[in-house]
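**Q** This is the structure I want to talk about, given as structure tokens.
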Amino acid sequence: MASQTAMLFLPLFSLSLFAMASAGNLNRDLQITWGDGRAKILNGGELLTLSLDKASGSGFQSTHEYLFGKIDMQIKLVPGNSAGTVTAYYLSSQGPTHDEIDFEFLGNLSGDPYTLHTNVFTQGRGNREMQFKLWFDPTLDFHGYSVLWTSQHIVFMVDGTPIREFKNLESRGVPFPRSQAMRIYSSLWNADDWATRGGLIKTDWSHAPFTASYRNFNSDACVSVAGKSSCTAGKLAGGGVSWMDYRMDLESQKRMEWVQRNQMIYNYCADLKRFPQGLPPECALA
């Protein structure tokens with residue numbers, strides 16, 4: 001349940017710095033990759049659904065690869081008792097030294113908040129998890145989940161509100177994803193060995209099939225084909241700058257700080273037990 005503080009805070013988010021751009025056609029922009037019919041594109045390309053039952057989950061990927069951009073998707077998550085399920089939405093390159101930018105939504109018992117799990121992989125190494133409790137019920141309606149990825153930083157956003165920033169600190173020895181093109185992937189799958197309270201709560205298959213819904217995908221991005229990029233630079237609402245030039249202003253910083261202070265439940269940069277030899281270098285530099 002959203003706290004009273006969060007409920008009071010929500011009006012501050014009603015005017016987002018980022019407008020959800022006009023929706024693309026999902027038949028053109030996305031490709032169902034697995035699930036044996038459990039994934040469907042409906043309504044002439046306006047809606048995509050992924051389903052999970054005891055036999056299998058399902059997934060899709062983007063038609064294009066991207067090297068920097070602002071990627072938007074509206075998602076309505078699995079309602080009710082979704083414990084044990086994970087809805088993953090992420091960008092990733094391929095290979096053992098892949099880069100990756102993750103949203104993962106960890107299912108819950110009915111009435112409990114969803115956990116939003118984020119991570120950044122660079123050159124095959126992750127272990128940069130931050131987790132949040134959303135300040136709304138993400139199963140009642142569609143909400144926007146966005147990644148802004150430039151050569152300077154990665155910003156995770158929920159309904160246009162920044163919740164996390166990963167800066168380019170290569171000059172200080174921290175790898176940053178800036179040379180490998182990435183596709184967008186999403187999947188709905190069973191992870192009851194770890195997802196809900198560390199695997200203590202198992203998937204209740206009597207509630208299957210579990211279904212997540214997607215709409216209003218948009219990519220203002222550099223499309224990568226055979227190693228060459230072609231870029232769009234759509235304007236952001238408010239300041240009128242393009243995604244390529246976006247820098248977090250004071251208002252955005254305050255919004256992100258509020259979320260991290262009130263809704264964040266795990267930060268790898270605060271986990272001294274996990275890193276007894278010292279926290280990762282970006283924790284002191286960011």
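The values are calculated or read from the model by the stated rules, or taken from the named source; none is laboratory data. As the structure is a computational prediction, the values presented were derived from the model and not from experiment. In this analysis, Cβ positions are derived from the backbone assuming ideal geometry, glycine residues included, and neighbour counts consider all displayed protein chains. With ligands, DNA and RNA removed, areas are computed over all heavy atoms of the protein, side chains included. Shrake-Rupley method; radii C 1.70, N 1.55, O 1.52, S 1.80 Å.
**Q** If the stretch 123-272 were replaced by its equivalent ellipsoid, with semi-axes equal to the square roots of 5 times the Cα gyration tensor eigenvalues, what would those be, largest first, whole Å?
**A** Output for the stretch 123-272: semi-axes of 28, 20, 19 Å.
**Q** How many nm separate the modelled label positions at Glu165 and Val225, each set 7 Å beyond the Cα in the direction of the Cβ?
**A** Label at Glu165, label at Val225, 3.5 nm between them.
**Q** Listed here are the pairs Lys40/Lys133; Lys167/Lys228; Lys167/Lys273; Lys70/Lys228; Lys40/Lys70; Lys70/Lys167; which of them are more than 22 Å apart at the Cα?
**A** Lys40/Lys133; Lys167/Lys228; Lys167/Lys273; Lys40/Lys70
**Q** Ratio of alpha-carbon Rg to the 2.2 N^0.38 Å globular estimate for the chain, to two decimals, please.
**A** 0.97
**Q** Moving to a separate point now. Please report the relative contact order for the chain, taking Cα pairs under 8 Å with a sequence separation of at least 6, and give it as a percent rounded to a whole number.
**A** Normalised by residue count, the contact order of the chain is 26 percent.
**Q** Something else now. What Kirkwood Rh does the stretch 34-132 have if only Cα atoms enter the pairwise 1/r average? Answer in Å.
**A** For the stretch 34-132, inverting the mean 1/r across all distinct Cα pairs yields 15.3 Å.
**Q** So what J values fall out for the stretch 166-172 if you push phi through Karplus, 6.51 cos²θ - 1.76 cosθ + 1.60 with θ = phi - 60°, rounded to Hz, Gly and Pro as x?
**A** Those phi angles translate into 10, 8, 6, 10, 4, 5, 10 Hz.
**Q** Could you give the accessible area per residue of the chain, probe 1.4 Å, as a whole number in Å²?
**A** 46
**Q** How much net charge surrounds Gly45 when only the other residues with a Cβ under 9 Å from the Cβ of Gly45 are counted, with Lys and Arg +1 and Asp and Glu -1?
**A** That works out to -1.
**Q** Right, another one. What's the extension gain from Arg274 to Gln94 if we count 0.36 nm per residue and subtract their Cα-Cα distance?
**A** In short, 62.1 nm is gained.
**Q** Taking amide hydrogens as modeled 1.01 Å from N in the peptide plane, which residues meet the under 5 Å criterion relative to Thr63, leaving out close sequence neighbours?
**A** Placed amide hydrogens put Leu30, Gln31 under 5 Å from Thr63.
**Q** Please list, in chain and number order, the residues 5+ apart from Phe103 or on another chain whose amide H is under 5 Å from its amide H, with Hs placed from the backbone.
**A** Here Tyr89, Tyr90, Leu91 satisfy the definition.
**Q** Would you work out the relative contact order for the stretch 38-99, in percent, from Cα pairs under 8 angstrom that are 6 or more residues apart?
**A** Once normalised by length, the contact order is 17 percent.
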